[in-house]
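Reading through the structure tokens given below for one structure.
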Amino acid sequence: MIKSTFYNLPDSKRERVIRAIMQEFSSAESDKVSINRIIKRANISRGSFYQYFDDKVDLVEVLIKSLVDLALEETFRAISVSNGDIFYTYSKLLDIIAGFSRDEEQRSILCNIVKNMRVSDSLISEYMVNRFKGCDEFTAFTSSYSRDNLRFPEDEDVIALQQILNGIIRSAVFKIYAEDESIESVKREFARKLDIIRQGAFK
């Protein structure tokens, strides 16, 4: 578990540690991640490392939380711009996630993480099975979505819709970062699925 001492670090030092973790995961497969290289890059002692983290699984959590925080910030902006349109927001969310591929380091990190999910890498699997909350963070936006154009406007219905859209996003992410499909073709398929859900399958 990430310890409070890590979050209590001065911003500049915490960012330096996060940067070192990102550099390590972008250049090495997760089973070859080296704590020694991380502490050297971050310019901290091994003792300090274990004051911040219990194990390597914590490092996966740092990475995923950093990327999720970026996506959450942009998602909130999309909700504001669209006056709470859930379909616009999820379309922008895919743009945000796909946009990580423009940064070589972020792309390498996501490719390593997503591919390793598929092959049941022990480090990634430990995090995914025991700690990952999926897209639960995005459920916090439930009350921000407009109900004006939704056939089922109750909270539990909107949450169910979010769960469906989260599944479609997850599939798109795997196609981009694990299967190396073109971003444009993934976006087209995603938009088509959104239209089917928005319009309904019945005549």
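None of the figures in this text is laboratory data; all of them are computed from the coordinates on show. Remember, predicted model here, so these are calculated numbers, not experimental data. When we count neighbours, we look across all protein chains shown, and the Cβ atoms used for this are built from the backbone with ideal geometry, even at glycine.
One decimal place: the segment E181-I197 gains 3.5 nm when fully extended, by the rule 0.36 nm per residue minus the C-alpha distance.
Protection proxy ranking of 166-173, 191-198, by the mean of other Cβ atoms within 10 Å over each peptide's residues and highest first, is 166-173, 191-198.
Its Cα centre serving as origin, the chain has a Cβ charge dipole (Lys and Arg +1, Asp and Glu -1) of approximately 400 debye. Phi-derived couplings, Karplus 6.51 cos²θ - 1.76 cosθ + 1.60 at θ = phi - 60°, listed residue by residue for the range 191-199: 4, 4, 5, 4, 5, 4, 5, 5, 8 Hz, with x used for Gly and Pro. Whole-Hz Karplus values for the range 10-24 come out as x, 3, 5, 6, 4, 5, 5, 5, 4, 4, 5, 5, 5, 4, 5 Hz, taken residue by residue from phi with 6.51 cos²θ - 1.76 cosθ + 1.60 and θ = phi - 60°; glycine and proline positions read x. Multiplying the residue separation of K65 and S12 by 0.36 nm and removing their Cα-Cα distance gives an extension gain of 17.3 nm. Here's the picture: charge each Lys and Arg Cβ at +1 and each Asp and Glu Cβ at -1 in the chain, and of N8, G47, I97 the one pushed furthest to the positive end of that dipole is G47. Computed from backbone phi with θ = phi - 60° and the Karplus coefficients 6.51, -1.76 and 1.60, the 3J(HN,Hα) list for the range 145-152 is 7, 5, 9, 4, 10, 9, 5, 10 Hz; x is used for glycine and proline. Between Y88 and R170, the distance separating the two model label sites (each 7 Å from Cα on the Cα→Cβ line) works out to 2.8 nm. Per-residue ellipticity at 222 nm from helix content only, as computed over the chain with -39500 (n - 2.57) for each DSSP H run of at least four residues, stands at -22500 deg cm²/dmol.
Here the peptides 72-79, 182-189 are ranked by packing, the mean other Cβ count within 10 Å, and the order with the highest first is 72-79, 182-189. Once the Kirkwood radius over Cα pairs is known for the range 136-203, the Stokes-Einstein relation at 20 °C and 1.002 mPa s delivers a diffusion coefficient of 161 µm²/s. The stretch between Q51 and E73, if pulled fully straight at 0.36 nm per residue, gains 5.0 nm over its current Cα-Cα span.
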